[in-house]
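The values are calculated or read from the model by the stated rules, or taken from the named source; none is laboratory data. Bear in mind the structure is a predicted one, so any value in this text is a computation, not a measurement. FYI the Cβ positions are ideal-geometry reconstructions off the backbone, even for glycines, and counts take in every protein chain you see. In case anyone asks, the SASA skips ligands and DNA or RNA and just uses the protein heavy atoms, side chains included. Shrake-Rupley method; radii C 1.70, N 1.55, O 1.52, S 1.80 Å.
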Amino acid sequence: MDHLPTTEAAVTALRALAAEYAREIEVSHDIGADQTSRRSAAGVGVTTDPDGSLPHEAYVELGGLPRVTVRLYPEDDALITVEGVECPDVRRDDVPAFLRSLFDDVAHVKARRFPPGHFLVVPLPGDRTHREYLPMINLTPWLSSRVR
């Protein structure tokens, strides 16, 4: 697993991944403390953080199924949305592996009988998994086809 020290490094890795899986990719960038979503306390016209750095956030949309979007934050984490299901707090370094699990059909939906519920389970390197609860009403055809 490669270390992705910046948002731009992560975007470059996602572009390579999109090319590998023949998927369309659209990227938009928000640069500056007054533009990024987690810097709401920045004053008018203030573009840098107190330490002088310039925060960079990116929003990536990938074509095909499953429908996937990625919001890369300057704080080394990401929000990945899969078929409308938000997976928050994914480490930036884990984003390419997370998407590979989705695109290689390794990710699955685990069903529980009692109490009833579904979980999106995405395997990550190092015998780790990311689990996200799914309300039953939100199961799209792609998610339904991955139920175990």
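I'd like to verify a number: residues in the stretch 5-60 that are of a type in the set (A, V, I, L, M) and modelled with pLDDT of 90 or more, how many?
Filtering the stretch 5-60 for residues of a type in the set (A, V, I, L, M) gives 9-11, 13-14, 16-19, 22, 25, 27, 31, 33, 41-42, 44, 46, 54, 58, 60.
Checking which are modelled with pLDDT of 90 or more leaves us with 9-11, 13-14, 16-19, 22, 25, 27, 58, 60.
Summing the residues that are of a type in the set (A, V, I, L, M) and modelled with pLDDT of 90 or more in the stretch 5-60 gives 14.
Going by the structure shown, is residue 113 modelled with pLDDT under 95, open to solvent by 10 Å² or more (accessible area, probe 1.4 Å) and more than 16 Å from residue 140 (Cα to Cα)?
Details: modelled with pLDDT under 95: yes; open to solvent by 10 Å² or more (accessible area, probe 1.4 Å): yes; more than 16 Å from residue 140 (Cα to Cα): yes.
Yes; evaluated as a whole, the condition is true for this residue.
Looking only at the stretch 122-148, which residues are of a type outside the set (Gly, Ala, Ser) and open to solvent by 70 Å² or more (accessible area, probe 1.4 Å)?
Selection gives 127, 128, 129, 131, 133, 136, 137, 138, 141, 148.
Sort through 104, 2 and tell me the only one that's modelled with pLDDT of 95 or more and closer than 20 Å to residue 126 by Cβ. I'd like the intermediate steps shown before the answer.
Working: 2 fails: modelled with pLDDT of 95 or more.
It is 104.
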